[in-house]
Structure formats: C-alpha cells, structure tokens
1. Using Cα-Cα distances under 8 Å and only pairs 6 or more residues apart, what relative contact order does the range 97-214 have, in percent?
2. What ³J(HN,Hα) values, in whole Hz, does the Karplus curve 6.51 cos²θ - 1.76 cosθ + 1.60 give for the range 12-19 when θ = phi - 60°, with x put for Gly and Pro?
3. Over the chain, what relative contact order in percent results from Cα pairs under 8 Å that are six or more residues apart?
4. Ignoring everything except DSSP H segments at least 4 long, calculate the 222 nm mean residue ellipticity for the chain; use -39,500 (n - 2.57) per segment, divide by total residues, nearest 500.
5. Nearest 20 debye, what's the magnitude of the dipole of the chain about its Cα centre given +1 on Lys and Arg Cβ and -1 on Asp and Glu Cβ?
6. For the ranges 8-17, 155-164, what's the packing order if you count other beta-carbon atoms within 10 Å of each residue, average per peptide, and put the highest first?
7. Give me the one-decimal nm value for the distance between modelled label points at MET1 and LYS78, 7 Å along each residue's Cα-to-Cβ direction.
8. How high is the relative contact order of the range 23-114, in percent, counting Cα pairs under 8 Å that sit 6 or more residues apart?
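Where a number appears in this text, it was derived from the coordinates with a stated rule and is not lab data. Values in this document were obtained by computation on a predicted structure and should not be read as measured data. Here the Cβ is made from the backbone with ideal geometry for all residues, glycine too, and neighbour counts use every protein chain on show.
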Amino acid sequence: MEAARRRFFGATVADRLSIATGAPPNFIEAVDASLAALSRLAEGRLSIRGANVTLTGAAHYDEARAEVEAAFAAALPKSFRNDGRLGARAAGSPLDAAACRTALTDLARTPIIFETDDSAVAADSAPLVDALTATVLRCQGATIEVAAHTDNFGIEEINRSRTKRRAQVLVDRLIKAGADSSRVSAAGYGSERPVAPNDSDENRARNRRIEFVVR
C-alpha cells in the first residue's frame, strides 16, 4: 500500500489486502518494481502469481514504453518472470495553445521531484512527467517554456543555476520523446517570481515549482 500510494500521484488506492503465507523470496521487491512500471502506463493491468508477473498495457508514448521495459527488466528480481507485453498509446488529437495551457497547468499542480543533484527526475515523479510529455507532444503548434522556480532560501545565483538545471532536464526529456526542439525551451528564475510570500514552509513549498508557459 505504501508503494502504491507513492507511485500513483493523485489516485485513490483501495486497500483490499489480506495477510497470507507462502510468498516467494523477494516478493516485496518484485511488487515494488512491478508497481513502478505499472504507474508509468497510460492504461495497464498487473498480475503477480507466485513468481510469475504479467504486466500489460500501453505507455503514454513510444519512448516511455522503451524506458519502462528497460527499467522493469533491471529492477525485477531474477527469480521472477514477466510474461506481459507493453505497447504505446497513439498520440491524441492536437491541442491548440489554450487547451495545451490548461492541460499542462492542471498536471503541473502536482510537484515534480528531482534527484538530489538535480541531474534527473526522481523515480516517483516519472509517471507525472510521462503524462506531461504526452501532453506536450500534442501541442504541435505552441511554443512552450519550461520555467523552474524556487524559494528565497540560499544564494540567489545558486538558486537560478539550480532552477535552470531542473528546467533543462525536463526539456531534454521532451525533446528525446519527440518534441520540436525549436518550440521548447528551459528557463530558471530562481526566487525572482514568487507566487506567495516566503514566510512559512507552506508558502516556500508553493514557490518551489515548475510552470509550463504556453504561447
């Protein structure tokens, strides 16, 4: 349950578990790896019976499908076998700038978590970034700035550099997935553009954010 709630942002997780004996070795590790893969699918189904895992469904786009398959193969304990196959969801209809802005803004309300050195998106945020990327790929006529912001803690020059790195990580993922490099850009604003006073932990958390500026 802990793994499921962590992996599925914004989802309601129904606890229907019961305790039983007979789980194979490394069962918890297999469940965690399987839920991580399932959480990155646009639609999917997971079944674990003994040491047999069946994961089926469709990723948000083809590049994500390849990432999920590789990560799942590496993380699943060797004593378990995956019998399922994954596909990729067909791209949805194009979005105009207004619809693109609304869709990205709604998704970006959930904070994106980065690794401690800001070099990559944290695993728990991969499903969210997949959904954002799939949306960007539909915004074919729009120009999009990925803007990263933070609170006023620390040295401003360092804050600007850090936010630029975070924005660039996301832009690199968008381009790798197929976004037009001439239509997506990264900007790091440090603490220059707060949306709330930096006077409490809650407000500082609101200022640490990623925005998608659509034109």
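1. On the way: 200 pairs, mean separation 40.5, N = 118.
Value for the range 97-214: 34 percent.
2. Couplings: 8, 9, 8, 8, 10, 7, 9, 7 Hz.
3. Details: 369 pairs, mean separation 39.6, N = 215.
The normalised contact order for the chain reaches 18 percent.
4. Working: 7 runs with 84 residues, N = 215.
Rounded to the nearest 500, the figure is -12000 deg cm²/dmol.
5. Details: 29 positive and 28 negative charges, 90 e Å.
Magnitude of the dipole: close to 440 debye.
6. On the way: 8-17: 10.2, 155-164: 15.5.
Ranking the peptides 8-17, 155-164 by packing returns 155-164, 8-17.
7. The answer from the label model is 3.5 nm.
8. On the way: 112 pairs, mean separation 24.7, N = 92.
With pairs under 8 Å counted, the relative contact order is 27 percent.
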